[in-house]
Amino acid sequence: MSKIKVDHVYKIFGDDPETALKMLNEGASKAEIQEKTGQVVGVNDASFNVEEGEIFVIMGLSGSGKSTVVRLLNRLIDPTFGTVEVDGEDITSMDEDQLRELRSRKMSMVFQRFALFPHRTVVENASYGLEVHRLPLEERTQRGSEALKRVGLEGWDNNYPGQLSGGMQQRVGLARALAVDSDIMLMDEAFSALDPLIRREMQDQLLELQSELKKTIVFITHDLNEAMKLGDHIAVMRDGAIVQIGTAEEILTTPADDYVASFIEDVDRTRVIVASSIMRWPRETVNPHDGPSVALRKMKEAQLSQCLVMESNRKVVGVVREDDVVRLSRERAGSIEAAIDDSVPRSKPETPIAELYAAAAETSVPIVVENEDGRMMGIVPRISLLAALSGEDGTNDS
Amino acid sequence: MIPEIPLGDWVTDLVQFLRDNLDFLFQAIRSLLGGLIDGLEWLFNLPPSLVMIALFAILAWRLRGIQFAIFTALAFALVDGVGMWEPTMDTLAVVLVATLFAVAIGIPVGILAARNAVVNAAVRPILDFMQTLPVFIYLLPAIMFFGIGTTPGAVATLVFALPPAVRLTNLGIRQVDPEVVEAANAFGATQNQILFRVQFPLALPTIMAGVNQVIMLALSMVVIAGMAGAGGLGAEVVRSVSTVNIGLGAESGISVVILAIFLDRVSEAMSAIGQPPSE
């Protein structure tokens, strides 16, 4: 069962949502509806599921409705139509008390501009959710302090937020969300206000925390690189509607429409695309027990000046070059074994291709992609690495 | 032509009606306000003036430092020296009681106005009315309701000094960063928890600026209160004007100024207490 289930949710700001909904169903655009009826479509027919323990990223430009969507999940904004289920419970029908219970026990939130309480010390901020639970002072201070330690702010307990840098303030925001120990964390552009270096540090820290805590995280961002780095699944939003949901790689390799395609133009593809998605099978391989003339004929037919040497169990032992094989052939050697050069670059299938460029620069031998048993799954020639940079997916064998 | 509108008659009738039917209420207010003011006057005049001056100087020192303490001691010594000690203490009592009631009424109304658009819309014109209507216009009915003495002066002072407490409380609460309030909501805080633990503390500097304004306005009303028969420096000023006594005017006038500066600086310093340090 999905942790969060959003089903055909609309948010229409204005006094006549029915008319706006009707126009939407008839295919009218957001701008048209606003012009004709004055109703503002915030979210248009959003449906998605967030699985337990995953980071679900909602990405879009400002005004795309992403911050509205995340607020529909804890009803800081009430959806106009549709249902939102958390742990199988429909939160759209909850009354005030149930809603407070949901917000204080099941969900916590991290905000773009931190939204810390400036009149409270760091530890009082971190333990705010526990104060709402009416926990005794001592216990909540202790748990707040632990949460601060977890985000690397040990010893700052009694400072005020105004005395901290932006990155540290957002760590307090993160600690405040962690301290209540809720299953779900909603992060609204949590790192967008930070400097790029601090932002990357926070992203790494979040991933590290996540590997340990396994929360269900809904993360809002306008930064595609951030989305790709953090998201197990990514939903791309435009004009209040979700245009595509998929893994980072799905979105990058098969964008749903031109909008998504233009969005991903700037992304650092090499950190998202992995070796297995651009590898192909080599045109030809030779066996270490092949005689030089057999090997030479195979290479000529495939028009290769060098060829991988693979045993019958698909383990690559090295590479042979045409010149060496010709020499062995003249010497009438029994096999090509003497010519095998075992310095072959190797990679795992899930390695991002960014990590392969250095190896590719050093040798002309294609990179061998191996599974855990060391059996070859495919190769990544240099040309495919270059093609991946330009946005060609490089999977077709040319 | 517009027919004649007998507004004056209506108001006269209304005042008469209130006097006839709500007398018990006015008597209760008179006992409460008058009693409080009399009590404070008695208290302030109980110790010798030198003891009071020392207390004021210590307060000044704790709140603002040694310089202000020296100023306070010298200034109040001057007040005592020109023979204005007792009327100054009487005026201080009236100002404090009027401020107390203005704050006790103004802050809750300001909070309501900040949270409710209807209340806000209703309160604004009333505040404008209270601040711009010439004081004598409501001093007269006040005297009719409460009789000559300290109470009508204190009531007129209260009416005149109340608006900043409402306005600045309203403003202060509205100025609290909406994202911070949203954060409190997102963590499941109740409306009361948000009001008392987030909005009010964050609005406090603005609210305290309002209290400072209340005190200053209350002090500026002492002369008017003196006309209504309240004692204190107001009475001295009125006496100096009616007898063309320039010397007495100077002595009472300078005492008003000294009390004003003292109250302003002290209330200003108090509003900074409990505020977190910034970077």
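The values are calculated or read from the model by the stated rules, or taken from the named source; none is laboratory data. Predicted model, so just to flag it, every value in this text is computed and none were measured. Methodologically, a virtual Cβ is constructed for each residue, glycine included, from the backbone with ideal geometry; neighbour enumeration extends over all protein chains shown.
Remarks
- Test set (1) more than 30 Å from residue A:292 (Cβ to Cβ); (2) touching a residue at least 24 places away in the same chain (Cβ under 8 Å) - residue A:333 fails condition number: (1)
- Only helices (runs of 4 or more DSSP H) whose full extent lies in the range A:190-301 are considered here, and the ones with at least 1 residues that are crowded, with 17+ Cβ neighbours inside 10 Å and among the β-branched types (Val, Ile, Thr) are A:196-213, A:248-253, A:258-263, A:275-278.
- Being facing chain B (nearest Cβ under 9 Å) and either crowded, with 22+ Cβ neighbours inside 10 Å or basic (Lys, Arg) (or both) is a description that does not apply to residue A:46.
- Any chance residue A:70 is crowded, with 19+ Cβ neighbours inside 10 Å, within 13 Å of chain B (Cβ to nearest Cβ), under 25 Å from the mean Cα position of the chain (by Cα) and outside any loop (DSSP other than H, G, I, E, B): yes
- Residue list for the range A:157-189, filter: assigned to a loop (DSSP other than H, G, I, E, B) and surrounded by fewer than 20 Cβ atoms within 10 Å (Cβ to Cβ): A:157, A:158, A:159, A:164, A:165, A:181, A:183
- Count - residues of the range A:92-111 that are surrounded by fewer than 21 Cβ atoms within 10 Å (Cβ to Cβ), under 27 Å from the mean Cα position of the chain (by Cα) and more than 8 Å from every other protein chain (Cβ to nearest Cβ): 1
- You will find that of B:218, B:209, B:230, B:225, the residue that is small (Gly, Ala, Ser), surrounded by 20 or more Cβ atoms within 10 Å (Cβ to Cβ) and at pLDDT 90 or above is B:218 and no other.
- Breaking point among (1) assigned to a helix (DSSP H, G or I); (2) over 30 Å from residue A:109 (Cβ atoms), for residue B:148: (1)
- Qualifying residue in the range A:303-310 (condition: exposed (fewer than 14 other Cβ atoms within 10 Å of the Cβ), in contact with an Asp or Glu (Cβ under 9 Å, 6 or more places away or on another chain), among the hydroxyl-bearing types (Ser, Thr, Tyr) and over 12 Å from residue A:285 (Cβ atoms)): yes
- Some residue of the range A:114-124 being more than 27 Å from residue A:221 (Cβ to Cβ), part of a loop (DSSP other than H, G, I, E, B), more than 10 Å from chain B (Cβ to nearest Cβ) and not hydrophobic (A, V, I, L, M, F, W, C): no
- Residue in the range B:138-159 that is within 14 Å of chain A (Cβ to nearest Cβ) and either within 30 Å of residue B:28 (Cβ to Cβ) or small (Gly, Ala, Ser) (or both) present: no
- Members of the range B:200-216 found to be touching a residue at least 60 places away in the same chain (Cβ under 8 Å) and under 15 Å from the mean Cα position of the chain (by Cα), listed by number: B:207, B:208, B:209, B:210, B:211, B:214, B:215
- Residues satisfying the stated conditions in the range A:87-101, i.e. assigned to a helix (DSSP H, G or I) and either on the phi > 0 side of the Ramachandran plot or in contact with a Lys or Arg (Cβ under 8 Å, 6 or more places away or on another chain) (or both): A:91, A:92, A:99
- Scanning the range A:362-373 for residues that are assigned to a loop (DSSP other than H, G, I, E, B) and surrounded by 16 or more Cβ atoms within 10 Å (Cβ to Cβ) yields a total of 2.
- Being out of contact with any helix residue (DSSP H, G or I) (no Cβ under 8 Å at 6 or more places or on another chain), of a type in the set (Gly, Ala, Ser) and either modelled with pLDDT of 85 or more or part of a helix (DSSP H, G or I) (or both) holds for only one residue in A:388, A:359, and it is A:359.
- All conditions but one from (1) part of a helix (DSSP H, G or I); (2) more than 14 Å from chain A (Cβ to nearest Cβ); (3) touching a helix residue (DSSP H, G or I) at 6+ places or on another chain (Cβ under 6 Å); (4) not polar (S, T, N, Q) apply to residue B:208; the one that does not is (2).
- Listed conditions (1) within 14 Å of chain A (Cβ to nearest Cβ); (2) assigned to a loop (DSSP other than H, G, I, E, B) are all met by residue B:244, apart from (1).
- Number of positions in the range A:144-156 that are within 14 Å of another protein chain (Cβ to nearest Cβ) and in a helix (DSSP H, G or I): 2
- Only one entry in B:188, B:226, B:253 is in contact with a Gly (Cβ under 8 Å, 6 or more places away or on another chain) and either in a helix (DSSP H, G or I) or under 16 Å from residue B:91 (Cα atoms) (or both), namely B:226.
- Scanning the range A:244-255 for residues that are at pLDDT 90 or above and more than 15 Å from residue A:229 (Cα to Cα) returns A:244, A:245.
- Residue check for residue A:75: at the interface with chain B (Cβ under 8 Å from one of its Cβ atoms) and among the basic types (Lys, Arg): no
- Criterion violated by residue A:140 - all others in (1) within 14 Å of chain B (Cβ to nearest Cβ); (2) surrounded by fewer than 17 Cβ atoms within 10 Å (Cβ to Cβ) satisfied: (2)
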